[in-house]
Amino acid sequence: MSGPPASLPARIRELRTERKLSQDRLAVAIGVSKSSVQYFEAGKLIPQEGTAQRLDKVFGTGSEIQGLAKTAHEDLRPWLRPWVEHERRAVLLRAWEPTLIPGLLQTEEYMRLVFAAVPSNFGRLDDVVATRCSRQAAVLDRKPPVEMAVMVEESALHRGPPEILKAQLAHLVDISHRPTVRIRVVPDAAGIHAGLGGSLALATMPDGRRFGYLDDLLQGRVATTPRDVLELELVWEAVNELALTADQTRDMMLRIINEQ
């Protein structure tokens with residue numbers, strides 16, 4: 001009986017090793033940078049169609065890599081694809097999360113924990129992780145960098161195994177030192193407030209247009225009408241009034257790390 005199909009990152013790494021190609025040589029052969037090959041193998045980037053075709057040609061694998069890449073791209077659900085495009089083009093991204101660390105700031109170990117808890121991800125965990133890592137790279141590694149303002153409920157900083165949380169909080173502390181990233185915590189003492197209805201995200205485009213995004217257990221929804229976006233912005237502002245400063249937030253995360 002054959003085992004489950006290999007994930008895209010593992011398969012690229014396996015084929016490169018079998019053919020005794022260094023990452024440098026493979027990068028030259030398919031016309032990308034060495035860092036791109038490293039990202040492919042780490043699951044932080046999904047090859048685009050042309051790159052997948054060149055990988056298949058170099059490996060002599062027919063259309064195997066193209067098929068795996070297509071599947072990985074399709075893991076972006078139809079309702080999520082427009083939002084991912086907004087993420088990639090936005091000059092300002094705002095996010096509020098009452099229960100978890102926001103996806104764009106999650107470490108791979110943390111996101112694996114989150115995705116593994118969802119029954120529908122069984123058997124495709126590597127692919128959904130690769131898809132999210134690709135989204136992260138498209139936003140966080142952009143030049144020029146996007147402005148990000150993120151708020152999270154204090155309880156999210158304590159949810160999860162200590163060893164994974166410690167690394168996750170250290171990552172937040174590290175990325176919070178970037179001049180374009182502001183991370184702020186809403187303390188549990190804030191009590192009942194407008195943001196407890198669920199997570200939300202807002203994207204401001206270069207031309208000033210604004211879009212919102214909401215998620216639920218089945219699917220997400222992109223808010224495009226001025227009225228809907230305004231409703232989300234009003235919730236954002238209400239939560240913003242309750243959040244600690246970025247420095248206070250960093251101090252809180254460092255304290256939690258030291259207590260682990």
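The values are calculated or read from the model by the stated rules, or taken from the named source; none is laboratory data. No experiment lies behind these values; they were computed from the predicted model shown. Here the Cβ positions follow ideal geometry from the backbone for every residue, glycine too, while neighbour counts run over all protein chains shown. Accessible surface areas use protein heavy atoms only, side chains included; no ligands, DNA or RNA. Shrake-Rupley method; radii C 1.70, N 1.55, O 1.52, S 1.80 Å.
Laid out as a table, the results:
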quantity: Counted residues, segment 102-112 - those being without any contact (Cβ under 8 Å) to a residue 40 or more places away in the chain and either part of a loop (DSSP other than H, G, I, E, B) or under 9 Å from the mean Cα position of the chain (by Cα) (or both); calculated: 2
quantity: Hits in segment 219-258 (condition: acidic (Asp, Glu) and either assigned to a loop (DSSP other than H, G, I, E, B) or under 24 Å from Gly191 (Cβ atoms) (or both)); calculated: Glu231, Glu233, Glu237, Glu241, Asp247, Asp251
quantity: Test: Ala42 is of a type outside the set (Phe, Trp, Tyr), in contact with a Pro (Cβ under 9 Å, 6 or more places away or on another chain) and either open to solvent by 40 Å² or more (accessible area, probe 1.4 Å) or without any contact (Cβ under 8 Å) to a residue 12 or more places away in the chain (or both); calculated: yes
quantity: Residue check, Arg94 open to solvent by less than 40 Å² (accessible area, probe 1.4 Å), basic (Lys, Arg) and under 22 Å from the mean Cα position of the chain (by Cα); calculated: yes
quantity: Residue list for segment 113-158, restricted to those being touching a residue at least 24 places away in the same chain (Cβ under 8 Å) and surrounded by fewer than 15 Cβ atoms within 10 Å (Cβ to Cβ); calculated: Gly123, Arg142, Pro145, Ser155, His158
quantity: Any pair with Cβ under 8 angstrom, 6 or more apart, that starts in segment 72-93 at a residue that is within 13 Å of Ala138 (Cα to Cα) and ends at one that is open to solvent by less than 60 Å² (accessible area, probe 1.4 Å) and at pLDDT below 70; calculated: Val84/Leu76
quantity: Which numbered condition Thr99 misses (of (1) hydroxyl-bearing (Ser, Thr, Tyr); (2) within 13 Å of Arg132 (Cβ to Cβ); (3) outside any helix (DSSP H, G or I)); calculated: (2)
quantity: Leading residue by the ranking (least open to solvent (accessible area, probe 1.4 Å)) among those in segment 219-260 that are β-branched (Val, Ile, Thr) and without any contact (Cβ under 8 Å) to a residue 24 or more places away in the chain; calculated: Thr225
quantity: Residue in segment 197-218 that is in a helix (DSSP H, G or I), open to solvent by 10 Å² or more (accessible area, probe 1.4 Å), under 21 Å from Leu80 (Cβ atoms) and at pLDDT below 95 present; calculated: yes
quantity: Residue that is farthest from Gln48 (Cα to Cα), among those in segment 160-188 that are touching a Ser or Thr at 6+ places or on another chain (Cβ under 7 Å) and not in a strand (DSSP E or B); calculated: Asp188
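For (1) open to solvent by 20 Å² or more (accessible area, probe 1.4 Å); (2) among the polar types (S, T, N, Q); (3) in contact with a Leu (Cβ under 8 Å, 6 or more places away or on another chain); (4) within 25 Å of Gln106 (Cβ to Cβ), each residue gets a yes or a no:
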| site | (1), (2), (3), (4) |
| --- | --- |
| Arg11 | yes, no, yes, yes |
| Arg16 | yes, no, yes, no |
| Val37 | no, no, yes, yes |
| Gln48 | yes, yes, no, yes |
| Asp56 | no, no, no, no |
